[in-house]
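Contents: one structure, followed by commentary.
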Amino acid sequence: MIRHCNGRRLIKALAASNDWLSSKMEVVNNLNVFPVPDGDTGFNMSLTLKAAVEATKDLKNKDLSSIAKEVGTSSVMASRGCAGVILSQFLVGLAKGLAGKKRVEAKELAQALFKGAEAAYGGVREPVEGTILTVAKESAKKALEIAKEENDIAKILREAYKEAQEVLEKTPEMLPVLKDAGVVDAGGAGFVYILEGVLRLIEGKPLEEISRVEVTVAKTVNTWRSILVGIRGGELKDIKEVETIAGKAIQAAKERLSRLPLQKLKNATGIRRVVGTWERVLGVIQKRGLLDIKAVRTTAQRAVDTWERELKYKYCTEFLIKGKNLVLKEIENELAKHGDCAIVVGSSELAKCHIHTNEPDKVKAYAVTLGEVDKVKIDDMDKQHQTLLMEKEVGEAVKVKGLGIIAVSTGEGLSKILKSMGVDEILGGPKKLKPSVEDISKAIEAIEAKDIILLPNDGDIIPAAEKAKELSKKRVEVIPAKSIPQGLTALMDYNPEASIEENKEAMSQALGRIKTGQVAKAARIAKYKELKIRRGEVIGLYHKEIKVKGRKPQRVALDLIKEMVKETDSIITLYYGKGVRKRRANQLLNQVKEKYPNLDVQLYFGGQPHYYYIISVE
């Protein structure tokens, strides 16, 4: 029985929520309304919550109120995407509910949760039911209801979690776009996982999926394998160079694994072998001195041999099953017949499965009998690699001016076009995340201008831009452009001699002149209204709907343009992505010109990921 919550318990609860949400990130990402490969709700929420957890590392001796306040502040600065911003506002509201308190009992905690839900609603300009907002609100209301009679915080959270699950399943009935797409709200699902993480902590259940340990160990061993190959091939001869490579590999692995509760995970299903292997590999490496190339070669060989001896099952197999009335335990038991480390989590309609096996084909064949199988990932653990790339671009120096412009872009060509139209700072890019509140705030301060105009060029970035505006001491205005074509149209009406207020009015009015279409490959099986979409098919999106589908990007682009063009339109602009050859793009340009001889048709290299073409009509 848990009767109170203090600062230390809040820190543990947040860490547990972060671990569990991180492990479910791809499940949440996969709930994107449209089956395009840019679903990132889980990623955005995870990064937001991770920042909150990072902020608590040096606050273990602080009281509950101070910790909660820092959590709220840190999450706001790190928030990105609609769901991330809403989550940060929930944490800010929670902090207000805990203000001035060193510890709280059940009823006070329930009240703080409700304040969090209220703050989340208050942080959104136009709240929409059937989203994370509804899930958070209804679960908080349930917590308040139970707290009237119950003093056990664990029981209250359990009931709040159950309510959140039930409301999540109803979100398609509240929001037609979810029903059309056959998914529940992604942000709401993320919130459910956050609550579930706390409960798993209370119940003593493992919070980490074993793949995070597996990948780290496998990556370390593969670094030593690369060293071995380099020595044998004569590419590595300098002992200092080898020491540097090996030292970095070991240090990186230690740092990653130090953040995981390895001793606790030893007791989890299947993880004992992986942790034990890591300890033995590390032991081999640390016992032997790296005195010369011969010694390094021997050490590398022993490290690799230790890993390979432990690999009873070679293939780490993961996939999603989308079906009806899925019984998770039964699926887990069946998978266990084909290997070890069988783990199945999810719901009765969506199951995420993991197993080490030597029979991945048989495992997939079984999964197909249960429903639609998606996100299949089969890694040969003997050759497993995972790389995280962190990029930081250095912006060009800017001139001191009265009015500056910051825009978000997703492609090299689009960025060049935006720059040519007077944008001072570009955020984002094909390999970058959606900018957080902190990213935007830093860009605002970096530009030597008194007034700043923000062009998010993505509806999911507008909340972060609005929050950055609130935090800045400069005069900042957000032009609510929801796409690159809208942003470019707004820039056509930008007047550097006019005031920021005049520019905001003119640029905002310009947004209504443009229509935006997008052509992309479907990242998963989906059903949208009457359209049954297969993974890999090409789809055309316009006006928040999937309008057309087909096999060829050019054909789909032509069909989509037909849906978009009206008699009063005069210009069609095509921006082709980084995966499209210029020759193909020119073929489409000629076809569009032939079909619409009275319209001005233009073609530009956009370089955007995910989308073959971005199309604007005006």
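The values are calculated or read from the model by the stated rules, or taken from the named source; none is laboratory data. Computed from a predicted structure; not experimentally measured. Ideal geometry is used to build each Cβ from the backbone, glycine not excepted, and the neighbour counts take in all protein chains shown. Remember, those area values only see protein heavy atoms, side chains included, never the ligands or the DNA or RNA. Shrake-Rupley method; radii C 1.70, N 1.55, O 1.52, S 1.80 Å.
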Notebook entry, point to check: If a residue has to be open to solvent by 20 Å² or more (accessible area, probe 1.4 Å) and in a helix (DSSP H, G or I) to count, how many in segment 96-151 make the cut?
Noted result: 19
Check: Looking at (1) within 23 Å of the chain's Cα centre (by Cα); (2) at pLDDT 90 or above, can you tell me which one Gly487 breaks?
Finding: (1)
Check: What number of residues within segment 365-390 are at pLDDT 75 or above, part of a loop (DSSP other than H, G, I, E, B) and surrounded by 16 or more Cβ atoms within 10 Å (Cβ to Cβ)?
Finding: 2
Checklist line | When residues of segment 448-498 are limited to those that are of a type in the set (Lys, Arg), assigned to a loop (DSSP other than H, G, I, E, B) and touching an Asp or Glu at 6+ places or on another chain (Cβ under 8 Å), the one farthest from Phe90 (Cα to Cα) | finding: Lys474
Next item on the list: Select from segment 54-67 the residues that are within 24 Å of the chain's Cα centre (by Cα) and crowded, with 20+ Cβ neighbours inside 10 Å and list them in ascending order.
Entry: Ala55, Thr56
Check: Taking Ser74, is it closer than 23 Å to Ser472 by Cβ, surrounded by fewer than 23 Cβ atoms within 10 Å (Cβ to Cβ) and within 20 Å of the chain's Cα centre (by Cα)?
Finding: yes
Item checked: Residue list for segment 111-154, filter: charged (D, E, K, R), free of Cβ contacts under 8 Å to residues at least 24 places away in the same chain and farther than 12 Å from Leu195 by Cβ -> Lys115, Glu126, Lys137, Glu145, Glu149
Notebook entry, point to check: If the Cβ limit is 8 Å and pairs must be 6+ apart or interchain, which residue in segment 57-77 that is touching a residue at least 60 places away in the same chain (Cβ under 8 Å) pairs with which residue that is among the charged types (D, E, K, R) and part of a helix (DSSP H, G or I)?
Noted result: Val76/Lys467; Met77/Glu438
Item checked: Only one of Ala55, Ala95 that is farther than 27 Å from Asp374 by Cα, of a type outside the set (Ser, Thr, Tyr) and modelled with pLDDT of 90 or more -> Ala95
Checklist line | Output for segment 172-191, where each listed residue is surrounded by fewer than 24 Cβ atoms within 10 Å (Cβ to Cβ) and part of a helix (DSSP H, G or I) | finding: Pro172, Glu173, Met174, Pro176, Val177, Leu178, Lys179, Asp180, Ala181
Check: Is it true that some residue in segment 430-452 is in contact with a Lys or Arg (Cβ under 8 Å, 6 or more places away or on another chain), crowded, with 19+ Cβ neighbours inside 10 Å and at pLDDT below 85?
Finding: yes
Notebook entry, point to check: On the given criteria, is Thr573 assigned by TED's automatic domain parsing to the domain that holds Pro597, of a type in the set (S, T, N, Q) and touching a residue at least 40 places away in the same chain (Cβ under 8 Å)?
Noted result: yes
Next item on the list: Go through segment 546-563 and count every residue that is within 15 Å of Lys515 (Cα to Cα) and touching a residue at least 60 places away in the same chain (Cβ under 8 Å).
Entry: 1
Notebook entry, point to check: Restricting the search to segment 523-532, which residues are outside any loop (DSSP other than H, G, I, E, B) and free of Cβ contacts under 8 Å to residues at least 12 places away in the same chain?
Noted result: Lys532
Next item on the list: Could you tell me whether Gly459 is under 15 Å from Pro485 (Cα atoms), surrounded by fewer than 19 Cβ atoms within 10 Å (Cβ to Cβ), touching a Gly at 6+ places or on another chain (Cβ under 9 Å) and of a type outside the set (D, E, K, R)?
Entry: no
Next item on the list: Say whether the condition of being modelled with pLDDT under 85, in a helix (DSSP H, G or I) and open to solvent by less than 20 Å² (accessible area, probe 1.4 Å) is met by at least one residue in segment 36-43.
Entry: yes
Next item on the list: Taking the options Lys450, Lys467, Lys434, Lys442, name whichever one is without any contact (Cβ under 8 Å) to a residue 40 or more places away in the chain and either hydroxyl-bearing (Ser, Thr, Tyr) or not assigned by TED's automatic domain parsing to the domain that holds Lys578 (or both).
Entry: Lys442
Next item on the list: Among residues belonging to segment 156-171 that are of a type in the set (A, V, I, L, M) and under 20 Å from Leu87 (Cα atoms), point out the one that is surrounded by the most Cβ atoms within 10 Å (Cβ to Cβ).
Entry: Ala164
Checklist line | Residues being within 22 Å of Glu412 (Cα to Cα) and open to solvent by less than 70 Å² (accessible area, probe 1.4 Å) - total across segment 588-606 | finding: 6
Check: Can you tell which of Val538, Val580, Val565 is over 28 Å from the mean Cα position of the chain (by Cα), at pLDDT 90 or above and open to solvent by less than 60 Å² (accessible area, probe 1.4 Å)?
Finding: Val565
